[in-house]
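Below is one structure, written out as structure tokens, with a few remarks after it.
The values are calculated or read from the model by the stated rules, or taken from the named source; none is laboratory data. Computed from a prediction, not measured in an experiment: that's the story for all the values here. Ideal geometry is used to build each Cβ from the backbone, glycine not excepted, and the neighbour counts take in all protein chains shown.
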Amino acid sequence: MRDIRSTSVSHAVRYEEIGGGYSLTRREDPRFAAAIHGALGDARSVVNVGAGAGSYEPQDRHVIPIEPSDVMAAQRAPTLAPAIRASAGELPLRDGSADAAMAVLTIHHWDDDQERGVRELRRVARDTVVILTYDPIVSGEMWLIADYLPEVAELDRRIFPSPEVLVGWLGGSIRIEVVPVPSDTPDWMLGSFWAHPERVLDERARHATSGFAGWTHTSSSASSRRFAETSRAARGTSDTVTFAASTPSTLAFVSSSARRTRVASRR
């Protein structure tokens with residue numbers, strides 16, 4: 001039997017390097033949590049794949065967290081269930097093990113296991129599957145990415161499956177909505193930088209956003225010059241009032257049930 005963690009080595013290694021302070025800046029946004037928990041419906045048991053430090057896990061249900069990174073799992077609160085070390089592509093669970101499954105801002109780390117991992121979510125859930133991710137086409141249009149970090153947009157297009165692709169892997173009918181990433185979100189995902197470009201200068205914030213960290217880890221000299229331009233632009237921003245009126249970032253919220261599939265695009 002092959003190691004159940006083997007297909008998520010890059011995910012685990014990635015977060016062994018950058019995940020140390022993740023829980024300090026990537027705090028749960030109650031508005032996103034409400035949407036996720038609402039989509040889970042009356043599910044009493046939930047598999048959370050790519051569970052990380054435990055953000056967005058419902059406290060009133062039985063949760064089975066799956067997380068390959070020791071660094072991320074170590075940041076889980078003592079009130080949360082300990083994470084099982086396993087990969088998305090080969091969940092160590094039987095068919096229909098839980099009422100529902102969820103994956104929050106994690107699918108882009110599954111590399112070659114993306115399709116298999118999404119189908120694994122469908123396999124272990126008796127009904128609902130909830131996925132929160134980026135739509136790479138829309139996220140690449142955010143002003144900071146489009147104007148200063150086109151390399152990040154290119155990276156995102158390579159690693160993020162579109163909502164339509166996810167729906168195809170899950171099956172069902174499709175509904176698309178648009179919901180904003182708030183400027184005051186406590187979850188400092190890269191998408192939140194639309195209203196807070198000064199976070200480009202915050203090493204903690206950069207390292208807790210995998211796209212930014214992935215880009216800087218592989219950046220060319222041209223990319224490095226682009227980062228310097230971004231930093232200068234951020235230094236010139238004395239506040240975020242002007243940016244609050246600009247177009248926010250977008251996440252894709254995919255909720256699939258055995259009976260239907262709903263997709264909500266978060267802007």
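How many residues are under 23 Å from residue 44 (Cα atoms) and touching a residue at least 40 places away in the same chain (Cβ under 8 Å) if we restrict to the range 60-86?
Narrowing the range 60-86 to residues under 23 Å from residue 44 (Cα atoms): 60-67, 73, 76-86.
Next, from what is left, pick out any that are touching a residue at least 40 places away in the same chain (Cβ under 8 Å): 85-86.
Result for the range 60-86: 2.
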Got at least one residue in the range 94-108 being polar (S, T, N, Q), free of Cβ contacts under 8 Å to residues at least 60 places away in the same chain and more than 23 Å from residue 165 (Cα to Cα)?
-> yes
For residue 179, the lone unmet condition from (1) modelled with pLDDT under 90; (2) surrounded by 14 or more Cβ atoms within 10 Å (Cβ to Cβ); (3) more than 17 Å from the chain's Cα centre (by Cα) is (3)
Tabulated pairs, the range 149-161, first under 16 Å from residue 132 (Cα atoms) and without any contact (Cβ under 8 Å) to a residue 60 or more places away in the chain, second hydroxyl-bearing (Ser, Thr, Tyr) and surrounded by 13 or more Cβ atoms within 10 Å (Cβ to Cβ), C-beta under 6 angstrom, 6+ apart or interchain = 156/139; 160/134
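Say we look at the range 101-128 and pick out the residues that are in a strand (DSSP E or B) and among the aliphatic types (A, V, I, L, M); which of these is surrounded by the fewest Cβ atoms within 10 Å (Cβ to Cβ)? Give the steps one after another, and end with the answer.
At the first step, the residues of the range 101-128 found to be in a strand (DSSP E or B) are 101-104, 125-128.
Cutting the leftovers down to among the aliphatic types (A, V, I, L, M) gives us 101-104, 125.
Numbers: 101: 31, 102: 30, 103: 26, 104: 24, 125: 27.
Only one residue fits best here, namely 104.
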Looking only at the range 10-34, which residues are in a helix (DSSP H, G or I) and either at pLDDT 90 or above or among the β-branched types (Val, Ile, Thr) (or both)?
-> 13, 18, 25, 30, 31, 32, 33, 34
Residue pairs within 7 Å by beta carbon, gap of at least six or interchain, first lying in the range 133-147 and outside any helix (DSSP H, G or I), second surrounded by fewer than 20 Cβ atoms within 10 Å (Cβ to Cβ) and among the charged types (D, E, K, R), listed first then second, are 140/157
Within the range 82-100, work out how many residues are part of a strand (DSSP E or B) and either under 17 Å from the mean Cα position of the chain (by Cα) or within 16 Å of residue 61 (Cβ to Cβ) (or both).
-> 3
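Just to be sure, is residue 71 in a helix (DSSP H, G or I) and either among the hydrophobic types (A, V, I, L, M, F, W, C) or buried (at least 19 other Cβ atoms within 10 Å of the Cβ) (or both)?
Values: in a helix (DSSP H, G or I): yes; either among the hydrophobic types (A, V, I, L, M, F, W, C) or buried (at least 19 other Cβ atoms within 10 Å of the Cβ) (or both): yes.
Judged against the criteria, residue 71 is a match.
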Going through (1) farther than 20 Å from residue 131 by Cβ; (2) at pLDDT 95 or above one by one, residue 65 fails only at (1)
